[in-house]
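First comes the structure, then the notes that go with it.
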Amino acid sequence: MKKYDNFKDFYPYYLSEHDHKYTKLLHFIGTSIAIFFYIRFFMTFDFMFLFYSFLSGYGFAWVAHFFVEHNKPATFTYPFYSFIGDHLMYLEILKGKHKIF
C-alpha cells in the first residue's frame, strides 16, 4: 500500500476501496447510527455512547469490506484519515455524489 502523507492524496484511494454501492450503503447506515450516538453522547456525556458509535460505524463498515468489497479496511492502516473519509463520503452521499441504491 502506498504511504499517504495527507488526506487530499488519501481520499481518492479511500473512495477506490468503496467501489460497490452496497459497501457505501452499509457505511452510510453505520455512520448514520454513529451520528445518533455522537448526539446522545453530547447530550449525556455518557461515554458508552462513544463506544456504541464506534461499534456501529466500524461494525457496518467492516462487514461491508469483508463480505461485499472483499478488501481490507483502510482503517487498519490509516485510522484517522479513514474516519474523516467515512464522514466526508457520508456527506457526499447526502449530496447525491455517490449512489447507494
If each DSSP helix of 4+ residues adds -39,500 (n - 2.57) and the sum is divided by the residues in the chain, what number results at 222 nm, nearest 500 deg cm²/dmol? -22000 deg cm²/dmol
Total Lys pairs in the chain closer than 21 Å by alpha-carbon, pairs eight or more apart in sequence or interchain only? 14
How much accessible area per residue does the chain have, counting only protein heavy atoms and a probe of 1.4 Å, in square angstrom? 62
Calculated from backbone phi, Karplus (6.51, -1.76, 1.60) coupling profile of region 68-83 in Hz, x at Gly/Pro: 10, 7, 6, 9, 8, x, 5, 4, 5, 9, 10, x, 5, 4, 5, 4
Total charge dipole magnitude, the chain, about the Cα centre, Cβ charges on Lys, Arg, Asp, Glu only, Debye to nearest 20: 200
Give me the one-decimal Kirkwood hydrodynamic radius in Å for region 23-87, with the sum taken over alpha-carbon pairs. 11.9
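The values are calculated or read from the model by the stated rules, or taken from the named source; none is laboratory data. This is a predicted model, so every value here is computed, not measured. Reconstructed Cβ throughout: ideal geometry from the backbone, glycine too, with neighbour counts over all protein chains shown. Each accessible area value is taken on the protein alone, full model and side chains, heavy atoms only, with ligands, DNA and RNA left out. Shrake-Rupley method; radii C 1.70, N 1.55, O 1.52, S 1.80 Å.
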